[in-house]
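K.L.:
Before I ask anything, here is the structure I am working with.
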Amino acid sequence: MLTHLVTPLLMCIGMGLAYLGAFAHPAPHSLPVAVVGSSRSAQLLAQSINDKAGGDLEVRTVAHRSTAIDQLKHQDIFGAYVPKGDGSGKGRGGAGDGNGQARVSGNAGATGDGRSPGEARSAGDGRSAGDARTAGDARSSGAGNAATPELLVATAASDTSASVVQTIFTPLAAQQGAPLKVTDVAPTADDDPTGQGIFFLLVAISIGSYASVAVIGGAGAVLPIRLRAALAVGTSFVVSLIGTAFAGPVFHLVDHGLWGLWGMAWLYSAGILLIGTGLHTFLKRWTTLGVMALFVMLNFTSSGGIFRPEMQNGFFAALHSFWNGAGFVEGVRSHVYFDGYGLSGHLWTLALWLVVGVLMVGVAALAERRRRSAEAEAAANAAAVAAAAVAATVPEPAPKPVRGPVDDGVEEELEEAVGV
């Protein structure tokens, strides 16, 4: 019993190290932001912020507001500050030309080229957040007309990063003697205001997947590996459907693109189940600890669902670039909120983890085949040794003596004497 208690104690240590190591002290590390403007004052402001940040921020300048919006939607930056009196440059720029529902200070939307009709828009020329215009030809006006400082963010990329950027630039707006107007160029679904619902969807799918590994590997240990692999694929299909139902009709975490979300959920779940099924051949009762380390401790913490890698230390930031949880979270964000930008890379991440799962099952099949051959050979050798031992311990029967004619005559005389 004491040896079995080692497993939950190691889980406790691992979860504490992973979660507290990843989430206890979030701080920006080279978080990319921008100052909008081509004037000398904008360049000096960017340089000043860089110097004061001491490596926490990576501040650049962009000439136009529309350029900053594009970079936000490509997740090249996570905030863009438009100083008072230094507008966005020449081009028309809006905040919602991708999703068409950009919000200003949480309410009015801001749109640009490619706007869908009927949505609220912020004029971008210094109007307050509530001064929104309906569809038509409303556009942000251009350079030099900003009456109040404006901060452009994309909460769909990361609500926590947007909050950090707002905390950084609010004092700058106060120095200009005006309140900071916040424009959200990529808002999340109405029923998922923080965008973290995707992370908790990841948690649900992950638990359904790695918990099923214990059942398939334990109760199904007597089954052939090919049948266990088929069960893993079938279970991943069911888990992905459950996750899609949660994301769509149950909790409305996303308002479109459910088929694409289901495809990524299946890739993600199938990878976990196949890897776990293969690992069970080698880890046995330690499989649960192994899959928890892979798909909970290292997975949830590096997914970017709570804090993006720019807000974490180097270890978890590095895992984010290739771990399967990050592939799922960033893939869903790209598919739902950013018009599929960068989606192919995240799909490749999920596909490669699925390939690893297939290879792991193949390696397990070879190992089990060799194990069965070795066991059969050992049994045959044991049977041969047992037979030899039995033969050595049981004496052979003595041969009958050969009787001659004299013996036969004596026997006949004795038979006549006793009346036989």
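The values are calculated or read from the model by the stated rules, or taken from the named source; none is laboratory data. As the structure is a prediction and not an experimental result, all values here were calculated from the model. Reconstructed Cβ throughout: ideal geometry from the backbone, glycine too, with neighbour counts over all protein chains shown. Areas reflect the complete protein model, heavy atoms only, side chains present, ligands, DNA and RNA absent. Shrake-Rupley method; radii C 1.70, N 1.55, O 1.52, S 1.80 Å.
K.L.:
With a Förster radius of 51 Å, plug the Cβ-Cβ distance of Val356 and His74 into 1/(1 + (r/R0)^6) and report the FRET value to the nearest 0.05.
P.N.:
0.95
K.L.:
Where Lys and Arg each count +1 and Asp and Glu each count -1, what net charge lies around Ser302 among other residues with Cβ under 12 Å from its Cβ?
P.N.:
For residues surrounding Ser302, the net value is 0.
K.L.:
Turning to a different aspect of this structure: Would you mind telling me the share, in percent, of accessible area of segment 222-352 contributed by carbon and sulfur at probe 1.4 angstrom?
P.N.:
Using a 1.4 Å probe with all protein chains present, segment 222-352 comes out at 77 percent carbon and sulfur.
K.L.:
Please list, in chain and number order, the residues 5+ apart from Leu57 or on another chain whose amide H is under 5 Å from its amide H, with Hs placed from the backbone.
P.N.:
So Leu57 has HN proximity to Ser30, Leu31.
K.L.:
Please compute the length gained on full extension between Ser41 and Trp348, using 0.36 nm multiplied by the number of residues separating them and subtracting their Cα-Cα distance.
P.N.:
Once the chain is fully extended between Ser41 and Trp348, it gains 106.2 nm.
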